[in-house]
Amino acid sequence: MAAPEANTLYVETIKAKQVQAHTIYAHEIKAGRVNARIYRTEKLESRGWYGEIETAVVSASVIYVKELEADLVEADTIFVHKMKASGVSTRKSGSND
């Protein structure tokens, strides 16, 4: 069985119960729980990112998103400018806080 093709998603807004990816690049994340290595970044340039995804589960290899809102976000690595999360279980990296 062949491995699935890597896929990349570019979108302005994601609203979902669960978001899964290897890597997420986001301007803003609002989540109930986040499981990932998190790196704070400068504001992301998001020209050319259009549309909104509203569904139960979003899964992709790489996600570029301006605003992500979900109950659960799982990724190997997240690069994010602003993040609000409650009940968070995260591993933070790349932060001087």
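The values are calculated or read from the model by the stated rules, or taken from the named source; none is laboratory data. These numbers were taken from a predicted model, which means no experiment stands behind them. We place every Cβ from the backbone using ideal geometry, glycine too, and count neighbours over all the protein chains shown. Note: areas computed on protein heavy atoms with side chains; ligands, DNA, RNA excluded. Shrake-Rupley method; radii C 1.70, N 1.55, O 1.52, S 1.80 Å.
Quick notes on this one:
- Conditions (1) at pLDDT 95 or above; (2) farther than 15 Å from GLN20 by Cβ; number of the one not met by TRP49: (1)
- Looking across VAL57, VAL62, VAL19, VAL34, one residue alone is open to solvent by 30 Å² or more (accessible area, probe 1.4 Å), assigned to a strand (DSSP E or B) and within 16 Å of ILE78 (Cα to Cα). It is VAL62.
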